[in-house]
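Read the structure below first, then the notes.
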Amino acid sequence: MRTLLIIALVLGVTGCTRWSMDHHLNNAYREYTRGNCERVMLELSQVERKSRSRRYVQPEVSLLRGQCLERQNLFVDAAETYRFIIAQYPNSEYAYRARARLETLRQLGRIDRATTVGTSL
């Protein structure tokens with residue numbers, strides 16, 4: 001009986017962590033829609049703290065962070081964030097999106113061609 005209680009407690013705690021992580025990620029998207037990148041960064045930090053054992057969340061968090069950096073006119077930082085996604089998660093949907101964002105930044109003249117070298121555009 002004690003073992004069953006411990007298992008139920010562990011499952012309950014991990015479920016709460018997942019719910020909390022999803023809550024902060026949803027808040028981050030909501031604030032991004034409103035244009036409040038400072039709040040987005042705070043919510044993304046909360047997600048990262050709660051998702052250390054769930055690496056699959058990191059590329060989504062990083063992509064949203066890169067988009068906020070673009071909104072704040074921090075184009076080089078955004079490009080570095082996109083490069084991180086491409087290097088760490090090369091076959092993910094987020095790497096595809098990151099490559100597209102890098103190419104868009106290059107076409108808009110926000111970063112130069114040398115900045116996008118090595119990203120397999």
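Peptides 73-83, 31-41 ordered by packing proxy, namely the average of other Cβ atoms within 10 Å per residue, highest first: 73-83, 31-41. Mind running the shape call on region 12-94? Use the C-alpha gyration tensor, a ≥ b ≥ c as the square roots of the eigenvalues: rounded below 1.5 for a/c, prolate if a/b tops b/c, oblate otherwise. In terms of gyration-tensor shape, oblate. Full extension of the chain between residue 112 and residue 71 gives 12.9 nm of extra length, using 0.36 nm per residue less the Cα-Cα distance.
A short reminder: the numbers here are calculations on the coordinates, not readings from a lab. The model shown is predicted, which means the values in this text are computed figures rather than measured ones. Cβ sites come from the backbone with ideal geometry, for glycine too, and all protein chains shown count toward neighbours.
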